[in-house]
Amino acid sequence: MARLLNSGFFRPAARPGFGPRQSFGEWAAHVPATLRALIRADELWLVVLGALSGLSAGLCVIGMGRITQVMHVVLYGLGIHERLSSQVSTSPVRSFLALAGGGLVVGVIGWFVARKWPRRAVDPIEANALHGGRMSLNDSLIVVLQTVLSNGFGASVGLEAGYTQIGSALASRLGKTLRVRRNDLRVLVACGAAGAIGAAFNAPLTGTFYAFELVMGTYSLTTLAPVVVAALSGVIMTRLFSPDLMGFDIRVPVTLDPAGYPPILVLAAICAVGGIALMQGVTMTEDLFRRSRIPGWLRPAIGGLMVAGLAMISPQVLSSGHSALDVDLDAPYGARALILLIVVKALASAISLGSGFRGGLFFASLFLGALVGKLYAAALVALSLGTALPPVVCAVVGMSALAVAVVGGPLTMAFLALETTGSLPLTVAVVAAAILSSITVRRTFGYSFATWRFHLRGEQIRSAVDIGWMRNLTVLRMMRREVKAVPADMTIGAFRQDIPLGATSQVVVVDAAERYLGLLLVAEVHAASEPDEAPLSSLALHDSGIALLPEMTIKEAVEKFSAAESDALAVIDSAEGRHVIGLLTEQYALRRYTDELERRRRELSGE
């Protein structure tokens, strides 16, 4: 409080036209600047912003959950406390009308947005990796609308992607309003995601490590407090206002036989392969819809009809499947029923996302992993190997391992298992399975579902680690604009007279149209044995015309230096014009790169 009083926040100011004290409007105008100064002076204020981000994310989770539940009640004729995916059966007419009509609504909205709002929404991972935490709230609201409608109409998609999108976008808007530093803005985006996931699963540790592993890409002591507080704030908000949305309860054995670890690791490998197949299946389905002659706005309706057909086999394919998971963990399903559920749920998820419904695979991967785990336990029993592993244990391990394969975040899923079961022995087994699943996917496939979709559109993002600064460090920002250019037909004697030794180290050689030809060292020209009447073109140029473009990043520039085997390169306006606009040396580029790396290291360590 003393810091706040000394900052001048409450101090009256005498300014012409306002009398001895500030007007309310003038006082309000100074609030962002004062808060920004406080945040930079004391990290405690960043924790406060993290709490606000978590609270807002928790409110969004509550609101989105209630909206989708009301849609399920109205469209499918459920009771107010009934859940869609836990139904034994649904009305075929209602299912087909809801999914086909809903798909048409989602498709038309997508078509309209593509025409009137063509920008692509940036998700939290991409925002922190490339844009320094900057997200558009308007774009995110469109994503949330599409996600809520998709889930509300019954498509087999989860809400978790929408939760993190709006939670992080609100936090980003708060940070941008206060103009916080780049690293602080990235932390706030992670806080929004932590609050959202923590609220969605009633699991603050899960939300915390989701933020660290997936949205920030790294962990540090300086970011621990705001992210943890944000996750706790989201959970508190859910517990206060919507206890019916609070996670799920799983009862497991108190101890785990050490003999169960080898089959657990085998299950982890199977789930890793299954996760890769699920991601590839979504991509293949999306590609099939794209290659078809079906208009884009009509594809979700066609996909909805297909999902409605699968719902006739089992309503558990509808929506995200929260209630279905609660039922299936204890249900005594046989192997055939489990295989059928796995196939129809995987198909429903792939068709829903591939046809154009909006959502994610977070909960679908948990649901499918639990089913795979129970099927694996049944197979162990059939082979007389299942005495050490109860089906519920295999289900928890399977859902964690398959979710790690699809979503990423081994510790995230380990803490989800701990917070939902309360079993430390089982959590140890989940950690081993999650690590093996993560290694298997990374070595054989290399992507989570989010980063795989980035890869498909040409973005080389493997995590949320900040590489945006590298893209911002362009040749245009680093180059030196004062460049001496000489024509190629200039005589060596005239050059020696106009540019004495010591005036500069190198010059740019251009043709009659002032197009770039190459570089010459001044010392070499003065030491050349050619007669004074010889043109400069008779001397060998150092880089053979290789040049940099102003939009190139530091990484691309360093590759050019290596290819040209030159210590300096000219910067040209374009590949067609080839007019010289600057010069960049390899030494300076590497120094700037090293300085930026050191700066990022200090930000992460809190120095």
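No value in this document is a laboratory result; all are computed from the given coordinates. Note that the coordinates shown come from a computational prediction; the quantities given were computed from them, not determined experimentally. Positions of Cβ are generated from backbone atoms using ideal geometry, with glycine treated the same way; all protein chains shown enter the neighbour counts.
Under 30 Å Cα-Cα from Lys484, which lysines qualify once same-chain neighbours fewer than 8 residues away are excluded?
Within the straight-line limit of under 30 Å, Lys484 reaches these lysines: Lys555, Lys560.
If you place +1 on the Cβ of every Lys and Arg and -1 on the Cβ of every Asp and Glu, how big does the dipole about the Cα centre of the range 286-391 come out, in debye to the nearest 20?
Roughly 440 debye for the range 286-391.
Quick one: compute the contact order of the chain, relative version, from alpha carbon pairs under 8 angstrom and 6+ residues apart, as a percent.
Value for the chain: 15 percent.
Suppose every Lys and Arg Cβ carries +1 and every Asp and Glu Cβ carries -1, with no other charges. What dipole size does the chain come out with about its Cα centre, to the nearest 20 debye?
Approximately 1880 debye in magnitude.
Can you sort Lys345, Lys484, Lys560 by how many other beta carbons sit within 10 Å, fewest first?
Exposure proxy ranking, most exposed first: Lys484, Lys560, Lys345.
Just to be sure I understand the model, the point goes 7 Å from the Cα along the line to the Cβ. What's the resulting Leu476 to Asp498 distance in nm?
Output for this residue pair reads 3.0 nm.
Which shape class, rounded, prolate or oblate, goes with the range 84-220 when its Cα gyration tensor gives a ≥ b ≥ c as root eigenvalues, a/c under 1.5 marks rounded, and past that a/b bigger than b/c marks prolate?
It comes out oblate by the Cα gyration axes.
Return the distance in nm (one decimal) between the two label points of a simple spin-label model at Val108 and Ser538, each offset 7 Å from Cα along Cα→Cβ.
7.9
Which of the peptides 232-239, 355-362 is most tightly packed, and how do the rest follow, judged by the mean count of other Cβ atoms within 10 Å per residue?
Descending packing order for the listed peptides: 355-362, 232-239.
Under a point spin-label approximation (7 Å from Cα along Cα-to-Cβ), what is the Asp287-Ile339 distance to one decimal in nm?
Modelled inter-label distance: 2.7 nm.
Taking the Cα centre as origin and putting +1 on Lys and Arg beta-carbons and -1 on Asp and Glu beta-carbons, what dipole magnitude results for the range 470-600, to the nearest 20 debye?
660
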